[in-house]
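What follows is calculated from the coordinates using simple rules that are stated; it is not laboratory data. Source: prediction; values computed, not measured. So basically every Cβ, Gly included, is an ideal-geometry build from the backbone, and we count neighbours across all protein chains shown.
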Amino acid sequence: MQEIMERLERIEAALVAPPREYLDTTAAAEFIGVSRQTMELWRMEADGPAYHRVGRRVLYGVADLREFMAANRKEPLA
């Protein structure tokens, strides 16, 4: 029973936690639906969404990811 209560507390904490403003490469890739390798390739080729380098970490702003997706939106031919 204690284990169930602990799990419920963790779930509740996750639901109440504020949304993350910055994501690591893996989370950013998942957010826009590509692989981590694609994100790394885009970074090496100076392509893809804007990113921040903080020490050795690479972080992507959620706003930058949304902007990148909007800029690469294609309308179907009618």
Requested in this report: With a point put 7 Å past each Cα toward its Cβ, work out how far R43 is from A63 in nm, to one decimal.
Outcome: 2.1
Query raised in the report: Using only helices, what value at 222 nm comes out for the chain when you add -39,500 (n - 2.57) per DSSP H run of length 4 or more and divide by the total residues, to the nearest 500 deg cm²/dmol?
Result: -16000 deg cm²/dmol
Report summary line: Here, GluC sites (Glu not before Pro) of the range 1-67 satisfying both criteria (DSSP loop; at most 13 other Cβ within 10 Å) are E21, E45
Query raised in the report: Placing +1 at every Lys and Arg Cβ and -1 at every Asp and Glu Cβ, with all other atoms neutral, what dipole size does the chain have around its Cα centre, in debye to the nearest 20?
Result: 220
Query raised in the report: What angle, in degrees between 0 and 90 and rounded to the nearest 10, separates the Cα long axis of helix 2-16 from the longest principal axis of the Cα atoms of the chain?
Result: 40
Report summary line: Length-normalised contact order of the chain, Cα under 8 Å, at least 6 apart, in percent, tallies to 28
Query raised in the report: For the charge dipole of the range 19-78, defined by +1 on Lys and Arg C-beta atoms and -1 on Asp and Glu C-beta atoms about the Cα centroid, which residue among L59, P49, P76 has the Cα displaced farthest towards the positive pole?
Result: L59
**Report entry** the chain: translational diffusion in µm²/s, Stokes-Einstein, Kirkwood Rh over Cα pairs, 10 °C, 1.306 mPa s
**Finding:** 108
